[in-house]
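The values are calculated or read from the model by the stated rules, or taken from the named source; none is laboratory data. Just so it is clear, the model here is predicted, and its values are computed rather than measured. Neighbour counts are summed over all protein chains in view; Cβ atoms, including those assigned to glycine, are modelled from backbone coordinates with ideal geometry.
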Amino acid sequence: MQKPTVIGHRGASGYRPEHTLAAYRLALEQGADALEPDLVMTRDGTLVARHENELGGTTDVARHARFAARRTTKTIDGKAVTGWFTEDFTLEELKTLRARERIPDLRPDNRRFDGRFEIATLEEILLLREEVGRQRRAHALARGLPPPAPIGLYPEIKHPNYFEALGLPVAEPLIETLERHACRGPDAGVFLQSFEPSILQALSLLSRLPRVQLLEAEGAPADFVASGDARTFADLLSPAGLAQVAAYASAIGPEKSLVIARDARGGLAEPTALVADAHAAGLRVNPWTFRAENAFLPAQLRSSAKDADRGDLTSELSRFLAAGIDGFFTDQPDIGVRARDAFLQACRA
């Protein structure tokens, strides 16, 4: 059995505000095999790591009086969103902001880091990856061990068609930045992700880096909706749809309920056919997102009635690993690594 990949979702975002260099570094210290940054564009064409292009929910932008007039309402992928947006700021301006915890009610401990960390650029994340990679190689060499595999990177391209319409195309700057850091070809450990198939298809013409089609449990890709394509995520999840995905991607990243749904009582049901169908199409399966807080866990694995308390994420992961997944995105990489390793040990016993 190939070792499933533990992907630090926005870093170790269960312990540090997401998408900060501190969160990414901690994820690697906890043993994550890969990092997952969400990427959006600045006004001057720099890729930065934010969950969304709206800044109010994850930074202190509302406290900066000089940016008050930039608060506005925009329609993004068909939805009206009010706030401050990365595409209205230069990188220099964004660097004056500081990150804050996105879900403080569920992660009150992370609030102590509010105001301490900058917004990270893709370039800075790549430099961190190289720094830790050098340390890992030196550690292996000193102990006579084989060189470690490259640290994985799963950049998710957010709202590519939206940014394209603003004159801020993502594909070329992304590939240029990655290639400047020797990220090219299928062995680089870099996997380009998006919910929108059109950007993945475009990237297949620009780079040999493998691609991952992200999949929601409901709705349709934003680019399908914009172009009048009637297909939905459900269509892509069918055996015929997965065969189409395999023409431009090497893996899928489904919402975890698509692999194992919840039953009527909120517990885990039996696995669906998705893993087998995807593997039959030649696609790896990396579901998202595994989180330790009770609010995100199936009913039987919660530790209390308090949403912010942590429950039994290890048991949830064990069920999904037994279903045959190839990797997973988690906010708590330390728990993910321990769960993965315990599962593999049990399989060998």
So for the range 51-60 (the condition being touching a Lys or Arg at 6+ places or on another chain (Cβ under 7 Å), closer than 28 Å to residue 177 by Cα and of a type in the set (D, E, K, R)), does at least one residue qualify?
yes
Cβ-Cβ below 9 Å, separation at least six or inter-chain, first residue in the range 82-94 and assigned to a strand (DSSP E or B), second aliphatic (A, V, I, L, M): which pairs?
83/55; 83/61; 83/62; 85/40; 85/55; 85/76
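Let's see how each residue does on (1) at negative phi; (2) among the hydrophobic types (A, V, I, L, M, F, W, C); (3) touching a Leu at 6+ places or on another chain (Cβ under 6 Å); (4) buried (at least 16 other Cβ atoms within 10 Å of the Cβ):
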| site | (1), (2), (3), (4) |
| --- | --- |
| 10 | no, no, no, yes |
| 22 | yes, yes, no, yes |
| 42 | yes, no, yes, yes |
| 50 | yes, no, no, yes |
| 73 | yes, no, no, no |
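Every residue, every condition in (1) closer than 30 Å to residue 292 by Cβ; (2) in contact with a helix residue (DSSP H, G or I) (Cβ under 6 Å, 6 or more places away or on another chain); (3) surrounded by fewer than 19 Cβ atoms within 10 Å (Cβ to Cβ); (4) among the hydrophobic types (A, V, I, L, M, F, W, C), yes or no:
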position: 77; (1), (2), (3), (4): yes, yes, yes, no
position: 98; (1), (2), (3), (4): yes, no, no, no
position: 112; (1), (2), (3), (4): yes, no, yes, no
position: 120; (1), (2), (3), (4): yes, yes, no, yes
position: 154; (1), (2), (3), (4): yes, no, no, no
position: 165; (1), (2), (3), (4): no, no, yes, yes
Of the residues in the range 322-342, those that are in a helix (DSSP H, G or I), crowded, with 20+ Cβ neighbours inside 10 Å and touching a residue at least 40 places away in the same chain (Cβ under 8 Å) come to 333, 334, 335, 336, 340
It is to be established whether one or more residues within the range 290-311 are buried (at least 16 other Cβ atoms within 10 Å of the Cβ), over 22 Å from residue 9 (Cβ atoms) and not aliphatic (A, V, I, L, M).
no
Show me the helices (runs of 4 or more DSSP H) found entirely inside the range 147-250 where at least 1 residues are in contact with an Asp or Glu (Cβ under 7 Å, 6 or more places away or on another chain), at pLDDT 95 or above and farther than 27 Å from residue 135 by Cβ.
160-165, 197-203, 222-227, 233-237, 239-245
Just to be sure before I move on: is residue 314 over 19 Å from the mean Cα position of the chain (by Cα), among the β-branched types (Val, Ile, Thr), surrounded by fewer than 21 Cβ atoms within 10 Å (Cβ to Cβ) and modelled with pLDDT of 95 or more in the structure I sent?
yes
Here the qualifying pairs (Cβ atoms under 6 Å; residues six or more apart or on different chains; first in the range 15-35 and more than 19 Å from residue 113 (Cα to Cα); second in a loop (DSSP other than H, G, I, E, B)) come out as 34/154
Any residue that is within 29 Å of residue 335 (Cα to Cα), touching a strand residue (DSSP E or B) at 6+ places or on another chain (Cβ under 6 Å), at pLDDT 95 or above and not small (Gly, Ala, Ser) - is there at least one of those in the range 26-35?
yes
Cβ-Cβ distance below 7 Å, separation of 6 or more or different chains: which pairs start in the range 216-242 with a residue that is on the phi < 0 side of the Ramachandran plot and end on one that is at pLDDT 95 or above and among the basic types (Lys, Arg)?
220/231; 224/231
